[in-house]
Amino acid sequence: MLVTAAAHAALGDIRTADDLFDRSVALAAPSAAVRPFGILAPHELAGLIDRSAHARNDDGGATSSRALLDAVAARYPTRDAYSPESLSARERVVLSRLSGGATHHGIAFDLSVSPNTIKTQVRSIYRKLGVTTRDGAVQRARHLGLID
């Protein structure tokens with residue numbers, strides 16, 4: 001249900017996403033089951049928690065649900081959980097070249113490594129920044145002050 005909620009949110013079907021997430025919270029709240037929420041990516045979980053917490057504050061939702069959301073947020077940090085120090089020096093170089101619009105092959109040529117090495121470093125950058133696209137990585141890096 002959590003994965004389906006995240007998928008609906010990614011597709012822009014926020015109402016269905018929020019309904020599914022709220023049902024997941026309601027099912028997990030009695031047993032305080034926090035672990036299942038770790039299946040979601042930090043940015044997905046952040047959006048679902050923010051909207052769910054906001055709705056619960058408006059309608060006076062259950063105390064156990066609020067406690068569960070607090071526990072989930074504490075166990076799985078969702079906001080700015082990625083510090084600039086988590087990127088290696090080489091990953092920072094690759095990220096700055098990506099932000100300039102360079103291709104993987106161009107970066108590989110400039111740094112005298114194989115294109116596959118750059119692909120691996122780019123995947124690592126995406127994972128560490130919690131994004132899935134070049135644009136997302138550049139935006140996140142700008143937000144964190146890694147690039148201008």
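The values are calculated or read from the model by the stated rules, or taken from the named source; none is laboratory data. In this text, all values refer to a predicted model and were calculated from it rather than measured experimentally. Quick reminder, even Gly has a Cβ in these numbers, built from the backbone with ideal geometry, and neighbours come from all protein chains shown. These area figures cover heavy atoms from the full protein model, side chains too; ligands, DNA and RNA do not enter into them. Shrake-Rupley method; radii C 1.70, N 1.55, O 1.52, S 1.80 Å.
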Query - Cα long-axis angle, helix 63-75 against the chain (0 to 90 degrees, to the nearest 10) - result: 20
Report task. Report the net charge of residues surrounding residue 99, where surrounding means a beta-carbon distance below 13 angstrom and charges are Lys +1, Arg +1, Asp -1, Glu -1. Result -> +2
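Divide by every residue of the chain the summed helix terms, -39500 (n - 2.57) for each DSSP H run of at least 4, and state the resulting mean residue ellipticity at 222 nm, rounded to the nearest 500 deg cm²/dmol.
Here the helix-only value at 222 nm equals -21000 deg cm²/dmol.
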Query raised in the report: Per residue, how many Å² of accessible area does the chain show with a 1.4 Å probe?
Result: 57
Query raised in the report: When Lys and Arg each count +1 and Asp and Glu each count -1, what net charge do the other residues less than 13 Å away from residue 132, Cβ to Cβ, add up to?
Result: +3
Query raised in the report: Ignoring any ligand, DNA or RNA, what whole percent of the accessible area of the chain comes from carbon and sulfur when the probe is 1.4 angstrom?
Result: 54
Report summary line: Expected sort for 118-129, 25-36 on mean C-beta neighbours within 10 Å, highest first, is 118-129, 25-36
Report task. Starting from the Kirkwood radius over alpha-carbon pairs of the chain, derive D by Stokes-Einstein at 25 °C in a medium of 0.890 mPa s and give it in µm² s⁻¹. Result -> 144
Query raised in the report: For segment 120-135, what does the Karplus curve 6.51 cos²θ - 1.76 cosθ + 1.60, with θ = phi - 60°, yield as ³J(HN,Hα) per residue in whole Hz, taken in order and with x for Gly and Pro?
Result: 5, 5, 5, 4, 5, 4, 4, 4, 5, 8, x, 10, 10, 9, 4, 4
Requested in this report: Output ³J(HN,Hα) for segment 32-38: one whole-Hz value per residue in order, computed from phi by the Karplus curve 6.51 cos²θ - 1.76 cosθ + 1.60 with θ = phi - 60°, and x for Gly and Pro.
Outcome: 6, 7, 8, 3, x, 5, x
Report summary line: If unit charges are put on Cβ atoms (+1 for Lys and Arg, -1 for Asp and Glu) and the dipole of the chain is taken about its Cα centre, the option from 69, 147, 20 lying farthest towards the positive end turns out to be 147
Query raised in the report: Amide H neighbours of residue 147 under 5 Å, counting only residues 5+ apart in sequence or on other chains, H built in-plane at 1.01 Å?
Result: 142
**Report entry** FRET efficiency, 1/(1 + (r/R0)^6) with R0 41 Å, evaluated for residue 119 and residue 31 via beta carbons
**Finding:** 0.45
Report task. Could you give the size of the charge dipole of the chain about its Cα centre, using +1 on the Cβ of each K and R and -1 on the Cβ of each D and E, expressed in debye and rounded to the nearest 20? Result -> 500
